[in-house]
Amino acid sequence: MSAKETPSKSKSGYISHGIASQNRKARFDYKILSTIEAGIVLKGVEVKSLRLGRATLNEAWAGERDGELYLFNAYIPEYQGGVLSRFDVRGTRKLLVKARERTELFSAIARDGATVVPLDIHFNDRGLAKVTLGIAEGRQKHDKRQAVAARDWQRDKARLLRNK
């Protein structure tokens, strides 16, 4: 397993590297066409709160504002460690991507039926917070049923092969 898959917690309970928050429902609700890793602009107390692993991305989405890429509606709770600094728990946060990646994302947003969904927030090996963005197309209800059936068949097939 890579460092991104297994969060490493220190004695104090902080995540030093690995996934801090994950949008598990995104891969079910959307068909992910491609992924891009982006940096995120955070305040110090937001980073401390993220390191506790209490953020949620269930209703979050990424989009364009004034020619820049932003993360909207991501919930990062206030840090309760005695810090007086307050911040908007569902505020917009700027995402940092290269210019070529930004134009690719904006063209995907402009296409009919495509959206940019945050898949997870993680800390890389250097301890920097990163967001994995997925260019996605929405799934219909019958597509979701097919995905569930395919996943169940793969699980049953693996079980049958394992038992032989």
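List of remarks:
- All positions within the stretch 109-134 that are closer than 14 Å to LEU69 by Cβ and free of Cβ contacts under 8 Å to residues at least 40 places away in the same chain: ALA110
- Taking the criterion of being buried (at least 18 other Cβ atoms within 10 Å of the Cβ) and not in a helix (DSSP H, G or I), the residues of the stretch 22-41 that qualify are GLN22, ASN23, TYR30, ILE36, ALA38, ILE40.
- Index of the failed condition, VAL89 passing every other in (1) in contact (Cβ under 8 Å) with a residue 40 or more places away in the chain; (2) assigned to a loop (DSSP other than H, G, I, E, B); (3) aliphatic (A, V, I, L, M): (1)
- Of the residues making up the stretch 97-115, at least one is more than 19 Å from ALA20 (Cβ to Cβ), of a type in the set (Gly, Ala, Ser) and assigned to a loop (DSSP other than H, G, I, E, B).
- Screening TYR79 against (1) surrounded by 11 or more Cβ atoms within 10 Å (Cβ to Cβ); (2) within 24 Å of SER34 (Cβ to Cβ); (3) modelled with pLDDT under 85 leaves a single unmet condition, (2).
The values are calculated or read from the model by the stated rules, or taken from the named source; none is laboratory data. All values reported here derive from a predicted model rather than from experimental measurement. Note: ideal-geometry Cβ built from the backbone for every residue, glycine included; neighbour counts use all protein chains shown.
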